[in-house]
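Below: the structure, in structure tokens.
The values are calculated or read from the model by the stated rules, or taken from the named source; none is laboratory data. For clarity, every value in this text was computed on a predicted model and none was experimentally measured. Here the Cβ positions follow ideal geometry from the backbone for every residue, glycine too, while neighbour counts run over all protein chains shown. Areas reflect the complete protein model, heavy atoms only, side chains present, ligands, DNA and RNA absent. Shrake-Rupley method; radii C 1.70, N 1.55, O 1.52, S 1.80 Å.
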Amino acid sequence: METLPRNTSAVISAAAVVVIIYGMQAAKVLLVPFLLAVFLALISVKPMLWLQSKRVPSVLAALLIVTAMMLIIGLVGTIVGTSIAEFTAALPAYQARLTTLVTETTAWVYDLMGEDPEQVPNLTQLIDPGFAMGFAASILNALRDVLTNTFLILFTIVFILLEASGIGIKAQAAFGRSAKTFANAQQFLDNLGRYLGIKTMVSFATGFLAWVVTRSVGVDFPLLWGMLAFLFNYVPTIGSIIAALPPVLLALIQLGPGEATTTMIGYMGINIAFGNFIEPRMMGYGVGISPLIVFTGLVLWGWIFGPVGMLLSVPLTMALKMGLESNEDTRWIAILIGSERDAEYELALEKNAESED
């Protein structure tokens, strides 16, 4: 059989990727709840296996996990949903106040410099100071809209968990006990589940401390800012900035520069402690992503799946990276999209292997 030229093959592959991306975008109404269910199921697998090790039947273990998840989502959804509605209603007033504050500050700076206040440029025509607050509201409202499919998500989780408990037996029956067909896939799922589990715990701690900071300072809607910090902690570096901007701006509007500075320092302390010390120690090597890939993934997945896609961007990119790592033929791609720290670790492993030889 005649093989295609390399250039033709590359064009066909690129066209296939474009078709797949547009297909995912067209099916995002179904895909987003399904992806959320998959990630929640991956987080829930280990607790379910622990229950099974205590001789709890698989069906009952799955139902217990999903019931606990339903109670948590219902409680958080009810409390945060009210805050989202109140914040959305008050958003125009906050944005108008912020615009006025920017204009007055600009005029004061020009007056201090001895310039004519009448010549002050209207910066609000170039930069929308209330964009960050509006963007946060759109993210939270989009998440609330997705959670209206809670029952679909929960039923999907139940079936995934039930299937997970029997996949090993099916694989042995289909491919034989000595087959290693699913060895890489099993390692990939284990690594992804571990990553999501640790990331969720760290994100919960981040959100809780953000709630403590905003509540202590006296910023309105502290639960909302805790939820935003929890969600955007899944996005390294960029996420912490996105999560901190709205509460800092609200503190500036509502309370003044001193409280806004205190809120900013609090967020910086949280992100430095978790991002630079706690999380790297818990995660270890092999779970970093290049900042350029983080930003590109944020834009790409956000374009495909909307605001919720931005929250899923890093877990999706991390799943892609771990999948590439599980195959020796594609491992080099995983290294390229990974962090510099992971590349240094790979080089260290190669040097150790060479010295042992």
For THR263, work out the one condition from (1) among the hydroxyl-bearing types (Ser, Thr, Tyr); (2) open to solvent by less than 60 Å² (accessible area, probe 1.4 Å); (3) under 15 Å from GLY239 (Cβ atoms) it doesn't fulfil. (3)
Collect the residues in region 81-98 that are within 17 Å of LEU231 (Cβ to Cβ), hydroxyl-bearing (Ser, Thr, Tyr) and open to solvent by less than 40 Å² (accessible area, probe 1.4 Å), keeping them in residue-number order. SER83
Can you list residue pairs whose Cβ atoms sit under 7 Å apart, with the first residue in region 80-98 being within 15 Å of PRO247 (Cα to Cα) and part of a helix (DSSP H, G or I) and the second being open to solvent by 50 Å² or more (accessible area, probe 1.4 Å) and of a type in the set (Lys, Arg)? Count only pairs 6 or more apart in sequence or on different chains. ILE84/ARG144
Could you please let me know if VAL299 is free of Cβ contacts under 8 Å to residues at least 60 places away in the same chain and in a helix (DSSP H, G or I)? yes
Pair list, Cβ < 7 Å and 6+ apart or interchain, from region 316-336 residues that are open to solvent by 60 Å² or more (accessible area, probe 1.4 Å) to residues that are not charged (D, E, K, R): ASN327/ASN184; ARG331/LEU324; ILE335/ALA343
Answer residue from region 159-184, given it is of a type in the set (A, V, I, L, M, F, W, C) and at pLDDT 65 or above and is surrounded by the most Cβ atoms within 10 Å (Cβ to Cβ) among those: LEU161
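Each row is one residue, and each column tells you yes or no for (1) at pLDDT 70 or above; (2) open to solvent by 70 Å² or more (accessible area, probe 1.4 Å).
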| residue | (1), (2) |
| --- | --- |
| ILE79 | yes, yes |
| THR100 | yes, no |
| THR106 | yes, no |
| ASP128 | no, yes |
| MET133 | yes, no |
| SER138 | yes, no |
| ARG144 | yes, yes |
Among the numbered conditions (1) under 14 Å from the mean Cα position of the chain (by Cα); (2) within 21 Å of ALA319 (Cβ to Cβ); (3) without any contact (Cβ under 8 Å) to a residue 12 or more places away in the chain, tell me where ILE241 comes up short. (2)
Residues to consider are LEU250, LEU196; find the one that is open to solvent by less than 30 Å² (accessible area, probe 1.4 Å), over 29 Å from VAL45 (Cβ atoms) and either in contact with a helix residue (DSSP H, G or I) (Cβ under 7 Å, 6 or more places away or on another chain) or touching a residue at least 24 places away in the same chain (Cβ under 8 Å) (or both). LEU250
